[in-house]
1. Hey, if you put +1 on the Cβ of every Lys and Arg and -1 on every Asp and Glu Cβ in the chain, which of Ser87, Ser73, Val139 ends up farthest toward the positive end of that dipole?
2. Net charge around Arg30, counting only other residues with Cβ within less than 11 Å of its Cβ (Lys, Arg = +1; Asp, Glu = -1)?
3. Which angle between 0 and 90 degrees, to the nearest 10, do you get for helix 101-112 versus the longest principal axis of the chain when only C-alpha atoms count?
4. Please list the non-local residues whose amide H lies under 5 Å from the amide H of Arg67, H modeled 1.01 Å from N, same-chain partners needing a gap of 5 or more.
5. Apply the a/c threshold of 1.5 to the C-alpha gyration tensor of the range 28-165 and tell me whether it is rounded, prolate or oblate.
6. What does the accessible area of Val96 come to, in Å² to the nearest 10, when a probe of 1.4 Å is used?
7. Give me the net charge of Ala144's neighbourhood, meaning all other residues with Cβ under 13 Å from the Cβ of Ala144; Lys, Arg count +1, Asp, Glu -1.
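The values are calculated or read from the model by the stated rules, or taken from the named source; none is laboratory data. Computed from a predicted structure; not experimentally measured. Here the Cβ is made from the backbone with ideal geometry for all residues, glycine too, and neighbour counts use every protein chain on show. The accessibility values were calculated without ligands, DNA or RNA, using every heavy atom of the protein model including side chains. Shrake-Rupley method; radii C 1.70, N 1.55, O 1.52, S 1.80 Å.
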Amino acid sequence: MDEILRRIESAYGSLSEPHFGFIASGLEARPYAPLMEEVGQVFQVEDDTDPDDDHGFMYGLEREGRRWVLTISLVGPYAAFARLGRSWDTVLTATVPGLLEEERWLINKLSSAGLKLLTREEMEQPVNLNLFNADPGTVRVYQALFTDTSILPWDKETLQRLGLI
């Protein structure tokens, strides 16, 4: 976790007065385009990246009626991969039991590309980073690495309360 926190502080320059310039240049450079071309040979890929809020690339994946989300950070070599239902139903890593063949394939591709898949527990760790959309004191690793949102995508209770699912 210390390495993740160091990378967050290094990327933003400051936790209290963060700089976001690295995001626009990273989105423009598209460093993971070759990887995503390979992924597109196995999954139908939809780029859902929002350059105003995301701190990396957001992809919707589909195959044979099943859906997933894959997000790759520009802050550091980190990714999150999850099965989708009404929200992020299961955050996937190599140690999750019952992985489907195509999930194992993608996890291996991400690892070969030098990306570390994070667990839900890792992404829930607090970070004292000032973001625009997340209230002070509520920022988690997920928001620092992937997207500036006030809600974690697996928080079904909050998503239901707000009528988002």
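1. The one lying farthest along the dipole's positive direction is Ser87.
2. Details: positive: none; negative: Glu28, Glu37, Asp47.
Summing Lys and Arg as +1 and Asp and Glu as -1 gives -3.
3. 50
4. For Arg67, the qualifying residues are Leu84.
5. The shape class here is prolate.
6. Taking all protein chains as shown, Val96 has close to 30 Å².
7. -3
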